[in-house]
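Notes for the one structure printed next.
The values are calculated or read from the model by the stated rules, or taken from the named source; none is laboratory data. Since this is a predicted model, take the numbers as computed values, not measurements. Cβ sites come from the backbone with ideal geometry, for glycine too, and all protein chains shown count toward neighbours. What goes into the accessible areas is simple: the full protein's heavy atoms, side chains included, and nothing from ligands, DNA or RNA. Shrake-Rupley method; radii C 1.70, N 1.55, O 1.52, S 1.80 Å.
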Amino acid sequence: MLRPLRYVAMILGRLFLSLRYRIRIHGREQLRGLKGPVLILPNHPALVDPVILLSTFYSQLKPRPMMFEGAEPGRGFRAMMKFINAIPIPNLAVASKEARARTEQALANTVLALRRGESILLWPAGHIQHNGGVERLGSARAVSDILQQVPDVQVLLVRTRGLWGSSFGQAMLRKSPDLGGRLLAGVGWLFANLLVLMPRRRLDITLRRVRRDELPEITRDKLNPWLEAWYNAEGPAEPTYVPYHFLFGPRTAEFPKGSSLEGADLDRVKPQTKEAIAKILSDKLRRPLREEERQPQTTLDQLGMDSLDRMEVTLNVEQRFGFAGDEVPATVGQLWALAEGLVERAEAKPAPPEWFAHPTDAAAPAIVGDTVGEAFVTRALASRKDVAAADDLAGVLTYERLLVGALIMARRFRKVPAANVGLMMPASVAGDLALLGLCLAGKLPVILNWTTGPANLEHAARLMGLTHIVTSKAFIDRTGIEVKCTEYLYLEQIRQGVGAWEKLRTLLSVKLFPGSVRARVPRSDTDQPAVVLFTSGSERAPKAVPLTHRNLLSNQRMGLAVFHLTHGDCVLGFLPLFHSFGLSVTTLLPLLSGIRVVHHPDPTDAGGLVRKIVAYKPTLLAATPTFISHIVERAEPGQLASVRMMVAGAEKTPEALFERVARAAPAAKLLEGYGITECSPVVSANPPEANRPGTLGKPLPGVAVSVVDLETGDELPREKMGMLLVSGPTVFPGYLGADVPSPFQERNGKRWYVTGDLASIDAEGYIHFGGRLKRFLKAGGEMISLPALEEPFAKRYPSTEEGGVRVAVEGVETPGGRKIVLFTTEAIRLDEANDLLWEEGFRGVMRLDEVRRVKAIPVLGTGKTNYKELREWVTAAERQPEPAAR
């Protein structure tokens with residue numbers, strides 16, 4: 001049935017195209033007697049040439065085109081691809097394991113189709129011409145791979161000239177145009193020209209049938225230059241402009257000159273980063289990089305990498321260094337920039353007009369309810385039409401839409417045969433919906449920190465008895481995270497299974513029967529866990545931290561009282577849900593109190609965050625000092641004008657940051673606070689009306705703090721430094737699992753949480769931070785367990801028979817960032833050490849900054865490593881041993 005329809009469509013297509021294009025075919029005799037299997041290999045000057053060539057060759061060869069399906073193909077596009085029997089090629093511009101696998105499958109399907117005698121239309125370059133009207137194949141391997149596997153296939157070369165300068169190419173805009181938009185514009189111009197009067201663009205299509213013995217050696221190193229020479233035999237195409245109307249509009253156009261891709265500030269790239277990238281590239285190429293190949297302008301094509309190779313290397317760099325980009329890097333320098341987090345991201349989408357709608361609730365923000373689920377439903381029903389949350393993918397959601405989505409999610413999650421369900425999502429509306437859906441389904445969300453590595457994720461899943469984890473397919477595809485013995489519930493698949501009728505009846509129940517919606521909220525004791533988070537660890541295995549409904553809601557109500565928020569405020573939420581700050585302060589607090597929140601999924605994307613601030617005008621930023629510092633660094637004058645308050649916590653705020661914030665955002669107050677996961681998380685904060693920089697502020701209302709002597713446990717007077725203890729409704733009930741030491745002390749009939757941090761309290765009640773006792777650091781607000789980093793080396797290099805320690809890891813926090821050093825008596829290079837951590841599953845911030853070879857690791861009288869002395873070695877330049885070779 002489809003074949004006759006295809007014939008008709010191709011005939012109509014040729015007639016339609018003839019109204020705009022005057023096509024001359026050179027070498028038509030090459031088609032005589034030509035039958036499948038035929039591999040048709042054209043150059044690719046513009047997005048429209050596939051349509052032209054398909055309609056030209058269909059009557060004789062009926063080729064199946066291999067076509068790029070776009071970033072987010074819609075149903076109409078997928079139907080069209082099916083109609084023309086195309087073999088879809090996924091988006092290879094963005095690093096993705098799934099895209100790589102699907103590309104490999106597409107090539108396999110192409111080989112099978114040729115072996116069946118079908119003809120294939122394949123564009124060897126894989127992209128339209130980028131610059132100068134010439135075809136560049138680089139290291140594309142599709143043609144050579146196919147020819148090696150199908151030796152009897154006939155080859156037809158096609159060269160199209162005349163499209164460089166077309167609105168479907170890159171000559172005018174220096175970027176790929178929007179195909180759908182250009183097609184609609186073209187149809188409009190056709191009718192404006194009364195169909196037959198439209199000026200026609202001349203195209204010359206040259207054909208050459210190639211015998212197998214005419215081809216060079218079938219390797220991409222030999223074949224690609226040979227194909228390039230044929231495609232570009234007539235020299236670079238000059239951009240030609242053809243008017244769109246026979247009477248109106250410009251008759252000529254000035255085409256911009258080609259320019260090289262502007263890079264990031266590569267002077268900021270550290271030498272060890274360059275070495276690490278060189279090591280990754282060398283491992284992929286299975287040979288050392290030559291010195292001239294280590295230059296920033298060296299393209300990955302020149303190194304012999306095709307699109308799949310480049311994607312694999314990009315995923316490796318993203319996962320190893322913890323930064324992401326919008327596109328796959330093309331040069332060595334761009335890989336450096338990606339590893340350092342210097343890559344510019346795409347422009348933020350402008351905020352939809354409804355984002356700025358005035359809230360209907362005139363009262364002060366408040367949280368009404370005893371549980372998270374009850375508080376959300378109460379807020380959503382009271383503020384149905386008010387904006388709740390937004391991000392670039394979901395757009396703007398009102399409370400009514402958010403409630404409908406959460407109820408639909410809850411319906412699915414109730415079917416999970418387990419009380420505890422894992423959740424692994426970045427900051428996003430989808431993450432909000434999943435969290436709220438789990439709460440309304442009566443499940444306990446166990447929020448997993450994917451940065452701690454596979455061993456710790458497996459430990460968390462085993463400890464909590466997880467069988468299912470709610471996540472995003474796109475997120476998993478990008479990060480490659482696996483959690484053994486669990487099943488992923490992909491939000492994309494859940495969304496696809498939701499029909500229009502289910503959406504409608506859920507919406508009607510919210511509108512017409514709000515009482516029934518309230519009645520379906522699970523009834524929980526306020527002292528039962530609402531979520532479970534995990535410590536990142538001063539110990540070797542993260543501890544499970546249950547936070548009760550009372551813990552979370554108490555902390556958020558305290559925050560509302562201290563910061564004097566209004567419904568006119570807007571929160572920028574970019575910390576992930578596994579971060580206690582991200583869960584409580586930038587997700588639940590706004591959603592439950594009636595304050596708008598706009599999400600950005602990547603906290604390392606400082607440029608994107610600045611653009612999001614410009615677009616959505618948030619008034620409140622709550623993050624770690626590191627992230628705030630990055631935002632301030634990237635902001636231009638006036639871009640942070642909407643921000644009135646920045647709340648910094650999770651690590652010490654450098655004094656210099658206060659000065660930089662004052663310059664970049666004069667209307668904003670930078671308020672430092674202190675928080676810890678076990679306390680839900682905020683313990684203290686500087687009130688806006690009495691900010692005292694350099695302190696951690698005062699305890700929140702209802703939170704009690706005490707400083708005790710480290711040896712005696714006696715309470716110390718004001719101004720004395722000691723161990724900080726916390727008590728109050730925000731303190732968690734205790735770690736889950738057996739054999740976990742109690743973190744509490746009983747004093748004066750009250751239970752106190754022992755923070756492990758040193759502090760003092762001044763006469764006015766402000767807390768002054770004194771340092772940490774546990775062996776961990778913080779970078780970007782993320783805990784870095786030094787024992788966890790040391791363990792793989794201790795296994796690989798155990799102590800000698802005489803008891804000599806061979807490896808130890810120590811680090812310090814400095815105003816310029818963390819410094820983590822592996823001390824060793826062995827000859828270990830930095831790249832080798834970080835490769836070992838990579839193999840053990842450590843990602844992002846969990847890496848070494850330096851390796852130092854020493855004659856002996858200092859030990860205490862007990863035989864244990866003297867970490868205090870090692871810490872002094874890190875900080876004292878005059879006592880630093882000679883660094884090992886990098």
Quiz item: Working out 0.36 nm times the residue gap between residue 283 and residue 226, then minus their Cα-Cα distance, what length gain in nm do you get to one decimal?
Solution: 17.7 nm
Quiz item: In whole Å, how far is the Cα centre of the range 215-248 from that of the range 460-492?
Solution: 46 Å
Practice problem: Excluding residues on the same chain fewer than 8 positions from residue 222, give the aspartates and glutamates whose Cα lies under 13 Å from its Cα. | Solution: 145, 214
Quiz item: Amide H of residue 672: which non-local residues (sequence gap of 5 or more, or other chain) have their own amide H closer than 5 Å, using H built in the peptide plane?
Solution: 648, 686
Self-check item: Helix 606-616 vs. the chain, principal-axis angle (Cα, 0 to 90°, nearest 10)
Solution: 90 degrees
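Could you check what % of the DSSP bridge pairs in the chain are antiparallel, to the nearest 5?
Values: 56 of 106 bridges.
Counting only bridges with both partners in the chain, antiparallel ones make up about 55 percent.
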Quiz item: Gain in length, residue 768 to residue 115, computed as 0.36 nm per residue apart minus the alpha-carbon separation, to one decimal in nm?
Solution: 227.6 nm
Quiz item: Between residue 218 and residue 738, what is the spin-label point distance in nm, taking each point 7 Å from the Cα along the Cα→C-beta axis?
Solution: 6.2 nm
Quiz item: Hey, what number do you get for the chain at 222 nm if only DSSP H runs of n ≥ 4 count, each worth -39500 (n - 2.57), divided across all residues, to the nearest 500?
Solution: -10000 deg cm²/dmol
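What FRET efficiency comes out for the pair residue 869/residue 473, r = Cβ-Cβ distance, R0 = 45 Å, nearest 0.05?
Details: r = 49 Å, r/R0 = 1.08.
The value I calculate is 0.40.
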Self-check item: Mean Cα-pair separation over length for the chain, i.e. relative contact order, pairs under 8 Å, 6 or more apart, %
Solution: 9 percent
Quiz item: Here are some values of percent of Cα pairs over 43 Å apart: [x] 41; [y] 58; [z] 38. Which one was computed from this structure?
Solution: [x]
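Using the heavy atoms of the protein chains alone and a 1.4 angstrom probe, what is the accessible area of the chain per residue in square angstrom? Write out the running numbers ahead of the final one.
On the way: 38780 Å² over 886 residues.
Ligands and nucleic acids excluded, the figure is 44 Å² per residue.
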Practice problem: Mind checking the full-extension length gain between residue 356 and residue 178? Use 0.36 nm per residue of separation minus the Cα-Cα distance, one decimal, nm. | Solution: 61.2 nm
Quiz item: How large is ³J(HN,Hα) for each residue in the range 557-566, as worked out from phi by the Karplus curve 6.51 cos²θ - 1.76 cosθ + 1.60 (θ = phi - 60°), to whole Hz, x for Gly and Pro?
Solution: 5, 4, x, 4, 5, 7, 9, 6, 6, 10
Quiz item: Mind ordering 702-708, 5-11, 425-431 by average Cβ neighbours within 10 Å, highest first?
Solution: 425-431, 702-708, 5-11
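Can you tell me the order of 147-160, 46-59 when each peptide is scored by its average per-residue count of other Cβ atoms within 10 angstrom, highest first?
On the way: 147-160: 17.4, 46-59: 21.1.
So the order, starting with the most tightly packed, is 46-59, 147-160.
Run the dipole for the chain about the Cα centre, Lys and Arg Cβ at +1, Asp and Glu Cβ at -1, nothing else charged, and hand back the magnitude in debye, nearest 20.
Numbers: 111 positive and 96 negative charges, 767 e Å.
With only Lys, Arg, Asp and Glu charged at Cβ, the dipole is about 3680 debye.
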Exercise. Leaving ligands, DNA and RNA out of it, report the carbon-plus-sulfur percent of the accessible area of the range 581-686 at a 1.4 Å probe.
Key: 58 percent
Quiz item: Which far-off residues, 5 or more places away or on another chain, put their amide H under 5 Å from the one on residue 599, with H placed in the peptide plane?
Solution: 390, 391, 573
Practice problem: Report in % the part of the accessible area of the range 324-435 that belongs to carbon and sulfur, leaving out ligands and nucleic acids; probe 1.4 Å. | Solution: 59 percent
Self-check item: Computed accessible area, residue 68, all protein chains, 1.4 angstrom probe, square angstrom
Solution: 120 Å²
Practice problem: Note the angle between two axes, namely the Cα long axis of helix 500-512 and the longest principal axis of the Cα atoms of the chain, as a number of degrees from 0 to 90, rounded to the nearest 10. | Solution: 40 degrees
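Tell me, what is the FRET efficiency for residue 719 and residue 633 to the nearest 0.05, using R0 = 45 angstrom and their Cβ-Cβ distance as r? Write down the numbers at each step before the final one.
On the way: r = 35 Å, r/R0 = 0.79.
With a Förster radius of 45 Å, E is 0.80.
Could you order 718, 520, 102 so the one with the most accessible surface comes first? Probe is 1.4 Å.
Correct descending sequence by accessible area is 718, 520, 102.
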Practice problem: Select from 4, 434, 456 the residue farthest towards the positive end of the dipole of the chain; place +1 on Cβ of Lys and Arg, -1 on Cβ of Asp and Glu, and compute about the Cα centre. | Solution: 4
Self-check item: Partners for residue 720 among lysines (Cα-Cα distance below 30 Å; same-chain residues under 8 apart left out)
Solution: 652, 669, 698, 750, 774, 778, 819, 868
Quiz item: Put 283, 204, 569 in order of accessible area, largest first, 1.4 Å probe: what do you get?
Solution: 283, 204, 569
